[in-house]
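The values are calculated or read from the model by the stated rules, or taken from the named source; none is laboratory data. For clarity, every value in this text was computed on a predicted model and none was experimentally measured. As a convention, Cβ positions derive from the backbone with ideal geometry for all residues, glycine included, and neighbour counts pool all protein chains shown.
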């Protein structure tokens, strides 16, 4: 099964070496980085926010959501083009197909993280040390994969790769904006605060920032969220996979 | 004229028979508005909706460009235009029909968005005539965006190029617009770009028409963009279309 997975990961990586991936994984996160930098720099710096430390994890969070969108796209395409059915006629374990998809997505996530952190370093973002960097990347990837699983569950029920991408983008907007990703808690009206606090994006981005700064991290909230999402979406994926 | 109306009708029917497309095009601006409002309302001030609602209405045109160009691209490949070419239709009316359909869709989505924007407090405070002007500016802006989409759909070698060449510029134009945050809040070196951005000039025109303020200058600037960029792309699109049929 390990070999099967390896072969499929190789195949997934090869087909994702396209211009589309280049735009999705590198160009579009950096466009958002530039855009948010121009818009938020003055507004947040005047409020005493250390802007480079604040924004870099925010853009990483955003890119992780975009990674899930492309997972959905690739799965829906594999399904509509018959690749999934073809794999099933072969004497390989169905689980390998899923594991390969998840492993590929984990690898793909590293690309935007590297690009964003590199640009972050140019504007003054710093990890406090190697363990902080490793923890940061691990948490970001674990978080991304929980959403990739959700996207996979949806995509296994659809065979239109284009519409799945836009359907996934929509729920990401409130999750991203109504969280501490792009603005500190104090900016929001009081009545919204409970929503902001409970949002998994807030828990994760706060932990990412603390990890990067080398400050004491409360890892429990993001890890509980991630574990719960893995469980729920994992079950949904295995059900959808058997039916797809 | 009938040709044009028929083709406009086709383009609208195609849209109205794609339910996911309808939901997404109407839901996207509304969700975007309600989720951005608390963040930037908090950062900028109480009257933020008067500034932001016009930009959201305009962004239905700009964010609609990649999917609309992609739809056109598939249309061109699928042979419907080849079929139209076998009929005694002029290239101009085929293109204009498509353009009119897209502009109607953009104005419809923008109207719904503006209606919904009344919930968080957006108001027209300037009387009836400026409201008409408001939607006229939206239509002109929408026509410009559609002309650009048309040209890209007609000249792009593949679907990924369509998406790739429109995605980043439309996103950046949204960020660099004075409808998003005031010009003075941007770093000094980028302010000229923000001021020249068609999304800024059109936002300023809509803000002026809806809630009072300078109207003439931003309207003229927006018209200049529409005639310059939109006209150029429209002409090139007709030419590219004729060339393909030759």
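Checking the condition within 26 Å of residue A:153 (Cβ to Cβ), away from chain B (no Cβ under 14 Å) and at pLDDT 80 or above, which residue from A:114, A:103 passes?
Details: A:114 fails: within 26 Å of residue A:153 (Cβ to Cβ).
One residue alone meets the criteria, A:103.
Looking at the structure I just gave you, is residue A:168 within 14 Å of another protein chain (Cβ to nearest Cβ), at pLDDT below 90, buried (at least 20 other Cβ atoms within 10 Å of the Cβ) and under 23 Å from residue A:102 (Cβ atoms)? Working first, answer last.
Values: within 14 Å of another protein chain (Cβ to nearest Cβ): yes; at pLDDT below 90: yes; buried (at least 20 other Cβ atoms within 10 Å of the Cβ): yes; under 23 Å from residue A:102 (Cβ atoms): yes.
Yes; evaluated as a whole, the condition is true for this residue.
Sort out for me the helices (runs of 4 or more DSSP H) sitting completely within segment B:1-101 that have 2 or more residues that are touching a strand residue (DSSP E or B) at 6+ places or on another chain (Cβ under 6 Å), modelled with pLDDT of 70 or more and within 14 Å of another protein chain (Cβ to nearest Cβ). Working first, answer last.
Details: elements: B:2-16, B:19-44, B:48-62, B:65-78, B:80-85.
Helices (runs of 4 or more DSSP H) meeting the threshold: none at all.
Determine whether residue B:220 is in contact with a helix residue (DSSP H, G or I) (Cβ under 6 Å, 6 or more places away or on another chain), farther than 24 Å from residue A:38 by Cβ and surrounded by fewer than 20 Cβ atoms within 10 Å (Cβ to Cβ).
Values: in contact with a helix residue (DSSP H, G or I) (Cβ under 6 Å, 6 or more places away or on another chain): no; farther than 24 Å from residue A:38 by Cβ: yes; surrounded by fewer than 20 Cβ atoms within 10 Å (Cβ to Cβ): yes.
No: the conditions fail for residue B:220.
Going by the structure shown, is residue B:196 under 16 Å from the mean Cα position of the chain (by Cα) and under 30 Å from residue B:41 (Cβ atoms)?
Numbers: under 16 Å from the mean Cα position of the chain (by Cα): no; under 30 Å from residue B:41 (Cβ atoms): yes.
No: the conditions fail for residue B:196.
Need the failing condition index for residue A:195 against (1) at pLDDT below 90; (2) over 19 Å from the mean Cα position of the chain (by Cα), just the number.
(1)
Taking helices (runs of 4 or more DSSP H) that do not extend beyond segment B:173-244, which have at least 1 residues that are within 11 Å of chain A (Cβ to nearest Cβ) and without any contact (Cβ under 8 Å) to a residue 12 or more places away in the chain? Working first, answer last.
Details: elements: B:191-196, B:198-211, B:216-225.
Ranges flagged: B:191-196.
Out of B:146, B:113, I need the residue that is within 16 Å of the chain's Cα centre (by Cα), modelled with pLDDT of 90 or more and closer than 21 Å to residue B:233 by Cβ. Which one? Reasoning before the result, please.
Values: B:113 fails: closer than 21 Å to residue B:233 by Cβ.
Selected residue: B:146, the only one of B:146, B:113 that is within 16 Å of the chain's Cα centre (by Cα), modelled with pLDDT of 90 or more and closer than 21 Å to residue B:233 by Cβ.
Could you go through segment B:138-152 and let me know if any residue there is more than 14 Å from every other protein chain (Cβ to nearest Cβ), closer than 21 Å to residue B:100 by Cβ and out of contact with any helix residue (DSSP H, G or I) (no Cβ under 6 Å at 6 or more places or on another chain). Break it down into steps so the answer makes sense when it comes.
Residues of segment B:138-152 more than 14 Å from every other protein chain (Cβ to nearest Cβ): B:138-152.
Filter again for closer than 21 Å to residue B:100 by Cβ, leaving B:138-152.
Pick out the ones that are also out of contact with any helix residue (DSSP H, G or I) (no Cβ under 6 Å at 6 or more places or on another chain) and you get none.
Checking segment B:138-152: not a single residue is more than 14 Å from every other protein chain (Cβ to nearest Cβ), closer than 21 Å to residue B:100 by Cβ and out of contact with any helix residue (DSSP H, G or I) (no Cβ under 6 Å at 6 or more places or on another chain).
If you scan segment B:92-108, which residues turn out to be buried (at least 21 other Cβ atoms within 10 Å of the Cβ) and under 18 Å from residue B:132 (Cβ atoms)?
Scanning segment B:92-108 gives B:103, B:106.
Of the conditions (1) within 11 Å of chain B (Cβ to nearest Cβ); (2) out of contact with any helix residue (DSSP H, G or I) (no Cβ under 6 Å at 6 or more places or on another chain), residue A:20 satisfies every one except a single condition; which number is it?
Here residue A:20 clears every test but (2).
Please work out if residue A:79 is away from every other protein chain (no Cβ under 13 Å) and more than 20 Å from residue A:114 (Cβ to Cβ).
Working: away from every other protein chain (no Cβ under 13 Å): yes; more than 20 Å from residue A:114 (Cβ to Cβ): yes.
Yes; evaluated as a whole, the condition is true for this residue.
Quick one: which residue in A:8, A:40, A:98, A:30 is surrounded by 20 or more Cβ atoms within 10 Å (Cβ to Cβ), assigned to a helix (DSSP H, G or I) and within 12 Å of another protein chain (Cβ to nearest Cβ)?
Working: A:8 fails: within 12 Å of another protein chain (Cβ to nearest Cβ); A:98 fails: within 12 Å of another protein chain (Cβ to nearest Cβ); A:30 fails: surrounded by 20 or more Cβ atoms within 10 Å (Cβ to Cβ).
So the residue among A:8, A:40, A:98, A:30 that is surrounded by 20 or more Cβ atoms within 10 Å (Cβ to Cβ), assigned to a helix (DSSP H, G or I) and within 12 Å of another protein chain (Cβ to nearest Cβ) is A:40.
So is residue A:185 surrounded by fewer than 20 Cβ atoms within 10 Å (Cβ to Cβ), modelled with pLDDT of 85 or more, within 21 Å of residue B:29 (Cα to Cα) and over 17 Å from the mean Cα position of the chain (by Cα) or not?
Details: surrounded by fewer than 20 Cβ atoms within 10 Å (Cβ to Cβ): yes; modelled with pLDDT of 85 or more: yes; within 21 Å of residue B:29 (Cα to Cα): no; over 17 Å from the mean Cα position of the chain (by Cα): yes.
No, not satisfied.
Residue A:214 passes all but one of (1) free of Cβ contacts under 8 Å to residues at least 12 places away in the same chain; (2) surrounded by fewer than 19 Cβ atoms within 10 Å (Cβ to Cβ); (3) under 27 Å from residue A:32 (Cβ atoms); which number fails?
(1)
Check residue B:133 against each of (1) buried (at least 17 other Cβ atoms within 10 Å of the Cβ); (2) over 12 Å from the mean Cα position of the chain (by Cα); (3) within 11 Å of another protein chain (Cβ to nearest Cβ) and name the one condition it does not meet.
(3)
Residue check, residue A:129 against (1) away from every other protein chain (no Cβ under 14 Å); (2) touching a helix residue (DSSP H, G or I) at 6+ places or on another chain (Cβ under 9 Å); (3) touching a residue at least 40 places away in the same chain (Cβ under 8 Å), all met but one. Which one?
All conditions are met except number (2).
Scan segment A:43-66 for residues that are within 13 Å of chain B (Cβ to nearest Cβ), over 19 Å from the mean Cα position of the chain (by Cα) and assigned to a helix (DSSP H, G or I) and jot them down.
Once the filter is applied, which keeps residues that are within 13 Å of chain B (Cβ to nearest Cβ), over 19 Å from the mean Cα position of the chain (by Cα) and assigned to a helix (DSSP H, G or I), segment A:43-66 yields A:43, A:44, A:45, A:51.
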